[in-house]
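Novice: Dropping a structure here in structure tokens format, bear with me for questions.
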Amino acid sequence: MNLDRQYLRHKIIIIKNRRINHTSRRLSSTKNTLLNTASDRVAVPTPNGTKEPSANSAPRAFQRCRPEYRNMTHDISQCSSTVDLNEAFLVLHKVTVQKSNMEPSEVINFLSKLGQIPQEQIVVVRGDKRFNMLLRYSVEILPNFTTPQLLDALRAFVNLALPHSHSILGLYETEFCQRACEMDLHELLLAADLWRCLGRAVPKYLERLFDNVSRNFNQMGVPELVQLLYIIGEGRRCPDTLVQPVESLLMRHLNQLKPEELGAICLGLFKSQHSLSERATRRLVDRALSVVEDMSDFGIVNVMKLMRFSYLDHLPWLEAMGSEVPRRAPKMEVQGLMHVILAFSALHYRDDRVLLAVAERLPDVVSRCRSKDAAKMLWAFGTLGVLPNQCPNLYPCLTAILRERQAEFQRYPEHLLTALLGLAFAGLFPEDLLSLALSTEFVNRASNSQELELRKDLFTLDGTVGLELPESTIPRLSLAIREEVTKQLWDFAQSDICQKPEVLEAEDVLRKLLGGEMFVRKHMILPHLRSIDLEVHLDQNDQPIPVSSGPGQQNLASQNLDARLSGVTITDDLLAQLTNTRKTPVQQSNKFLQKPEVHTVEPVRERESIFNVGIDLTDDLLMALTKSRKRSPRLSDSKPSIQRLAVQVTHRNHYCYRTEQLLGLHALKRRQLALAGYRVVELPHWEWFPLLRRSYAEKLAYLHCKIFSCSDSKK
């Protein structure tokens, strides 16, 4: 057949198959979820021969650190285009002539030559019937291939950008699995790397690889270890039997690792969702810190990912980021910025220099944001308490991306909910997006998600709309959903939060202080905010009244208390002698844009002791502490008929790291309790936890001050 006529025929095939190729590309990008998760998009050759531009080299950059990697990796960038289309047709013509009489060496030679054609002409070859014939003949003699020939065939498939779902690859995978026990370590790692380049998940082959590595761990050097961790990360799994040997070998070679190798190791551990011991992780980050100035942005982001996954509060690294991120941010891409700020929020660590640098860079790159990136950054900034007036352009530009990317919420409803929660933390409530999130169609889609439990997020947004936007026309969740989620949350709270020693002790002491169980109710005042409070009611004379009881019971309880009051009056002077509680001034965290040199909010000093008792606690005095102070019968016009107090036992994880600044969700709860008519009485962890080791009388005195001093301050 004339070659020009044949070329024309193949151009017609291309035109006919454009629609098919477009669909195939779309399905490939959506189905390959095992190796392309939401958290890290890795470059995979697409069916048309191109590669995703976002990360086509960075994840594999470490492979250029040492020449030894050439024996166990495939360098896509080194593929040469030395064969033109006419030569490719000649090769395919030989296939039709020789047919099944081809030797393994001839098949491999044909495949290798076809793999050297220019990228833009690959689709022509792959669409040719004779190419499929060549693949079929290769399978017929597959057992006759040597291992190097098998690897050459796989390399040719990579160069030809064979779709990862191609049926021929399953047969090759089976052959590799059968031969794994005969292959050496470098061949095993090279095959795994080639499967990765094809974007095909090969869990059975990886099992053979890991078994072989476990039996021959003494062959592992530095490059073999790093490549193994890369493969482990891309495969999203690591056998438990390998974790300890990998950690030991990693610690042994730690000081030999180069900056990009450190980044690759952190990424592999993060993707595999396997943690090293805290000591080993800390040493790994120590090593990364020693070469941080030589690490790429990609490497630094990978260290942050591992710290986020491991919840590692490595302060020297975090402090170093206070100078590294501002220096690098002007050239960083949006996904790197997202992972940096997300790690800081996950670790509850607020550094204004980092926040400002990321916020200033965002307007330049925001057009390249996915809905996922915008959502996670909104969550992170909101969690760390960045207010709209501190960065005027931050929230508007990210919210605009949400509106532009609304179509993505059809597939990823969790991104919209994450974004709206972050905005709510910052006191922002875009009604159009809230209406979308709480619409019947969206609620049904989110509720039917098989992978994620999204109804709790919907419930939080629904309750927020009810309190923050009471006059709006935004749709609301059905009563059935609200009741079901409330039950789920309360069941969990009863088995977990309600049983914590610090909560039980506060409840017990409050009951003693106020006169009985009827005066303290432990429950979720605002169920949509997922935590409990100890609710207390006082009348206008600061007398405790039963929670959720009628007027007759309240009067009876008040009479009982009056009858039991002793002759000791609790005055402010007396309490000053009893308690010498040193208050730490609330740290000022609103200097976000004023002093770039500020690293973090000053740490809260740990207190060894809360009380210095100046006088003896006599029986009369102790009895008096358990009663409310007598008040003038004149009612205060400035107080409501019932004062509703929400007593909160707070924890360290309610605040930014080593500060007294509440994280986003807990600040949102404080604001909404006030909107619901409650006054918050906080028992902060730096005061209440040390008191748990002190005497009962001291706890009574402390809570007396908290409940009644708070009331006095409102007069």
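The values are calculated or read from the model by the stated rules, or taken from the named source; none is laboratory data. A quick note: this is a predicted structure, and the numbers were derived from the prediction, not measured. Here Cβ is always computed from backbone atoms with ideal geometry, including for glycine, and neighbour counts include all displayed protein chains. For the accessible areas, the whole protein counts, side chains as well, though only heavy atoms, and no ligand, DNA or RNA atoms are used. Shrake-Rupley method; radii C 1.70, N 1.55, O 1.52, S 1.80 Å.
Novice: Check Val139 against each of (1) open to solvent by 60 Å² or more (accessible area, probe 1.4 Å); (2) free of Cβ contacts under 8 Å to residues at least 60 places away in the same chain and name the one condition it does not meet.
Specialist: (1)
Novice: Any idea how many residues of region 254-270 are open to solvent by 10 Å² or more (accessible area, probe 1.4 Å), in a helix (DSSP H, G or I) and among the charged types (D, E, K, R)?
Specialist: Total meeting the criteria: 1.
Novice: Still on this structure, I have one more. Evaluate region 196-218: report whether one residue or more is in contact (Cβ under 8 Å) with a residue 40 or more places away in the chain, under 26 Å from Ser100 (Cα atoms), buried (at least 18 other Cβ atoms within 10 Å of the Cβ) and under 39 Å from the mean Cα position of the chain (by Cα).
Specialist: no
Novice: Checking the structure you have, find out if any residue of region 509-518 is farther than 20 Å from Leu692 by Cβ and either outside any helix (DSSP H, G or I) or touching a Leu at 6+ places or on another chain (Cβ under 8 Å) (or both). Lay out the reasoning, then the answer.
Specialist: Step one: filter region 509-518 for residues farther than 20 Å from Leu692 by Cβ, giving 515-518.
Imposing the further condition that a residue be either outside any helix (DSSP H, G or I) or touching a Leu at 6+ places or on another chain (Cβ under 8 Å) (or both) reduces the set to 515-516.
Scanning region 509-518, I find at least one residue that is farther than 20 Å from Leu692 by Cβ and either outside any helix (DSSP H, G or I) or touching a Leu at 6+ places or on another chain (Cβ under 8 Å) (or both), so the answer is yes.
Novice: What single numbered condition from (1) open to solvent by 50 Å² or more (accessible area, probe 1.4 Å); (2) more than 27 Å from Asp352 (Cα to Cα); (3) hydrophobic (A, V, I, L, M, F, W, C) fails to hold for Ala676?
Specialist: Of the numbered conditions (1) open to solvent by 50 Å² or more (accessible area, probe 1.4 Å); (2) more than 27 Å from Asp352 (Cα to Cα); (3) hydrophobic (A, V, I, L, M, F, W, C), the odd one out for Ala676 is (1).
Novice: What number of residues in region 273-291 are part of a helix (DSSP H, G or I) and open to solvent by 10 Å² or more (accessible area, probe 1.4 Å)?
Specialist: In the first step, residues of region 273-291 are kept if they are part of a helix (DSSP H, G or I); the result is 278-290.
Filter again for open to solvent by 10 Å² or more (accessible area, probe 1.4 Å), leaving 278-279, 282-283, 286-287, 289-290.
Residues that pass the stated criteria total 8.
Novice: Something else now. Restricting the search to region 350-379, which residues are crowded, with 21+ Cβ neighbours inside 10 Å, of a type outside the set (S, T, N, Q) and under 16 Å from Gly422 (Cα atoms)?
Specialist: Arg350, Leu355, Ala359, Asp373, Ala374, Ala375, Lys376, Met377, Leu378, Trp379
Novice: Name every residue in region 129-139 that is within 11 Å of Tyr172 (Cα to Cα) and of a type outside the set (Gly, Ala, Ser), in order of residue number.
Specialist: Step one: filter region 129-139 for residues within 11 Å of Tyr172 (Cα to Cα), giving 135, 138-139.
Residues satisfying the conditions are Leu135, Val139.
Novice: Determine, yes or no, whether Gly382 is open to solvent by less than 40 Å² (accessible area, probe 1.4 Å) and touching a helix residue (DSSP H, G or I) at 6+ places or on another chain (Cβ under 7 Å). It would help to see each step written out before you state the result.
Specialist: Working: open to solvent by less than 40 Å² (accessible area, probe 1.4 Å): yes; touching a helix residue (DSSP H, G or I) at 6+ places or on another chain (Cβ under 7 Å): yes.
Answer is yes for this residue.
Novice: Filter the helices (runs of 4 or more DSSP H) completely within region 359-457 down to those with at least 1 residues that are in contact (Cβ under 8 Å) with a residue 12 or more places away in the chain and more than 18 Å from the chain's Cα centre (by Cα). Before you say what the answer is, go through the steps one by one.
Specialist: Values: elements: 371-383, 394-404, 413-425, 431-437, 440-447.
Passing ranges, in order: 394-404, 413-425, 431-437, 440-447.
Novice: On to the next question. Given Ile545, Ile532, which one is crowded, with 21+ Cβ neighbours inside 10 Å and either among the charged types (D, E, K, R) or farther than 25 Å from Leu461 by Cβ (or both)? Break it down into steps so the answer makes sense when it comes.
Specialist: Values: Ile532 fails: either among the charged types (D, E, K, R) or farther than 25 Å from Leu461 by Cβ (or both).
Just one listed residue meets the conditions, Ile545.
Novice: Something else: Taking the condition in contact with a Phe, Trp or Tyr (Cβ under 9 Å, 6 or more places away or on another chain) and open to solvent by 60 Å² or more (accessible area, probe 1.4 Å), does Arg482 pass?
Specialist: Numbers: in contact with a Phe, Trp or Tyr (Cβ under 9 Å, 6 or more places away or on another chain): yes; open to solvent by 60 Å² or more (accessible area, probe 1.4 Å): yes.
Yes.
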